[in-house]
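As structure tokens, the structure follows; a few thoughts come after it.
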Amino acid sequence: MQKNYFDKVHRWGILWNIGALLMLLSIPVAVSVYFNAWPEINVLWSVLSKLMLLYWVTAVIEVITYVPMLGAGGTYLSFVTGNITNLKLPVGLAAMENAKVRANTEEGEVVSTIAIGVSSITTTVIIAVGVLAFAPVLPYITAEGSAFKPAFEWVLPALFGALGASYFAKHWKLVPLPVIIGVIVLIFSPTMGVGTLMFVTIVAAVAGVGVLYKLKWL
Amino acid sequence: MDFKESTFMYVIALGVVAFVTLQSVFFIVKSWKHAKELGIEKETLKNTVVSSILFTVAPAISILATVIVLANALGIVLPWIRLTVIGNLAYETTAAQTAVEAMGGTLTSSISDVKQFSTVTWAMTIGSIAPLLMLPFVCKKLQKKIGNAVNKSESAAKLGDAISAAAFIGIIAAFIARAIAGTTSDGVGNAGFMSIAVLIVAMVAMVILETICKKFNLEKLRPFTMPIAMFIGMGSAMLFEAVLPENIVNFVWR
């Protein structure tokens, strides 16, 4: 049973994944054909060589880091809809925590997939409505000097503070090591992208578990 | 009419929105059905839906804000498309900036050359598709390995639980470390008074809300404690900005 369901999810996921790739690539093609404007290869290459060095390498780390945590359906959905670290991952984690189910079980799989799917639709709707209806007003809400600006500027500490508090209360022994390592890394490399930093802190946290387990402190 | 906001571009955007929505609905329906087979209560699933929506609203609005920022140079439709598929805040801004600057422009002025616009479209797309090229080959293998390792025995399952808890904590730790010591390339959101204050307020709010739930047995409120604590954290940022002296609010050490 277990094998069956996960196998099915992977099959659907791969099909949607290929569909998404085709759709994505068709966008620049359509733009180039419709406007009859193809980019100059050398200009495009000079841009891409920079971007790919940065993002294709990060992508490998991201895939290895997120895949075990998002579940199968959640992974295929998250990587198509994006905004993983700041949205899909915390939403999936919070849902599994609330429903008291474990990652890498069928229960965890369905709950995180539903949460991530709902979150994707909500984001898509908010962006679409925002663009179509509120585009003229929105700059005032998030503009310099608006009373609401600080709320959105600090949305990430608020999100991870809320998420962190419930986890930390339960697993306080595991907390100090990854935070300290993360801070040390940032002291030397202050602008490191959060995707890469996360890889370091996860390795630190997991290594910490290994040590605590050996010492029988868990 | 500006080519960046022509009907053609809107048609592409709506197509993308339709694709993403369909995929999400597909997976939700399949998961929902299987959840029933597994005997998960409807109440639990409903709570998952509602709390996920609540949790999503604020971050989605900040994503929308990025769309608006990029709209300066790229028109509103392309950033909308890019942030609906794969897009994420940091990536799209950097990609657009790199592309525009390579052609001698800046993100603050509008692109008027169709060729430049199509170059940016190509660069943003190809730069971001790497994960989709990898997933069909690695996703299943990675998850099978982990599943097998965890389900081998009772003690392996226990260690597996501890490791996945550790991995979650690693993720959160990265963001906390950033609030303590991080900077960003554009200097917005550097570690300082505000990042720490908001982090602490959100944490304390969460602890208080959970305690209230436990004490008064408010099981119904439990799924909403996280989004509510997040909103309290965001509200505190507005409050600090409004009442505290500027030199405290703007105090950063990175």
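Read-outs: derived from the displayed coordinates by stated rules, not from any lab. Keep in mind that what you see is a predicted model, and the values were worked out from it rather than measured. Every residue, glycine among them, receives a Cβ derived from its backbone with ideal geometry; neighbour counts consider all protein chains shown.
According to the square roots a ≥ b ≥ c of the eigenvalues of the Cα gyration tensor, what is the shape class of chain B, taking rounded for a/c under 1.5, prolate for a/b larger than b/c otherwise, and oblate for the remainder? Before the final figure, lay out the partial values.
On the way: a/c = 1.79, a/b = 1.24, b/c = 1.44.
It is oblate, given that a/c is not under 1.5 and a/b is not larger than b/c.
Where a ≥ b ≥ c are the square roots of the eigenvalues of the C-alpha gyration tensor, would you call the stretch A:44-139 rounded, which needs a/c under 1.5, or, failing that, prolate if a/b is larger than b/c, or oblate? If you can, show how the numbers build up before the last one.
Values: a/c = 2.98, a/b = 1.18, b/c = 2.53.
Note, shape of the stretch A:44-139 comes out oblate.
Suppose a student asked you for the relative contact order of the stretch A:171-218, using Cα pairs under 8 Å spaced at least 6 residues apart; what percent would you report? Intermediate values should be presented prior to the final figure.
Working: 22 pairs, mean separation 22.0, N = 48.
For the stretch A:171-218, the relative contact order is 46 percent.
Taking +1 at the Cβ of each Lys and Arg and -1 at the Cβ of each Asp and Glu, which of B:Ser236, B:Ile12, A:Ala207 sits farthest along the dipole of the protein assembly as shown towards its positive end, judged by Cα position relative to the Cα centre?
Of the options given, the answer is A:Ala207.
Taking the Cβ of B:Ala13 as the centre, find all other residues whose Cβ is under 14 Å away and add up their charges (Lys, Arg: +1; Asp, Glu: -1).
Values: positive: B:Lys4, B:Arg82; negative: B:Glu5.
With Lys, Arg at +1 and Asp, Glu at -1, the neighbours total +1.
List the residue ranges in chain B for DSSP H helices whose C-alpha atoms run 24 angstrom or more along the long axis and whose Kyte-Doolittle average is -1.0 or above.
The qualifying helices are B:7-38, B:42-74, B:130-150, B:154-181, B:193-215, B:225-243.
If you line up the long axis of helix A:41-70 against the longest principal axis of chain A, both from Cα atoms, how many degrees apart are they, to the nearest 10?
Rounded to the nearest ten degrees, it is 30.
Can you list residues whose amide H is under 5 Å from A:Arg102's amide H, if they're 5+ apart or on another chain and H is modeled 1.01 Å from N?
It is A:Gly108, by chain and number.
Round to the nearest 10 and give me the degree value, 0 to 90, for the angle of helix A:155-170's Cα axis relative to the longest principal axis of chain A.
So the inclination is approximately 20 degrees.
Below 8 Å between Cα atoms, with a sequence gap of 6+, how large is the relative contact order for chain A in percent? Show your work: numbers first, answer last.
Working: 134 pairs, mean separation 38.4, N = 218.
Contact order relative to length: 18 percent.
Could you work out which residue, out of A:Val80, A:Val101, A:Val155, moves most in a Gaussian network model of chain A, that is, has the largest mean-square fluctuation with Cα springs under 10 Å?
A:Val155
Which Cα, out of B:Ile61, B:Ile212, B:Ser153, lies furthest along the positive dipole direction of chain B (beta carbon charges, K/R +1, D/E -1)?
Working it through, the farthest residue towards the positive pole turns out to be B:Ser153.
For a quick check: with amide H placed at 1.01 Å from N, whose amide H comes under 5 Å from B:Gly192's, ignoring anything fewer than 5 positions away on the same chain?
B:Trp253
Quick one: helix A:89-99 against the long Cα principal axis of chain A, what's the angle to the nearest 10°, folded into 0 to 90?
50
Determine, for each peptide in A:200-211, B:68-79, B:7-18, the mean count of other beta carbons within 10 angstrom over its residues, then list the peptides with the highest first.
On the way: A:200-211: 20.6, B:68-79: 22.7, B:7-18: 16.8.
Final packing ranking: B:68-79, A:200-211, B:7-18.
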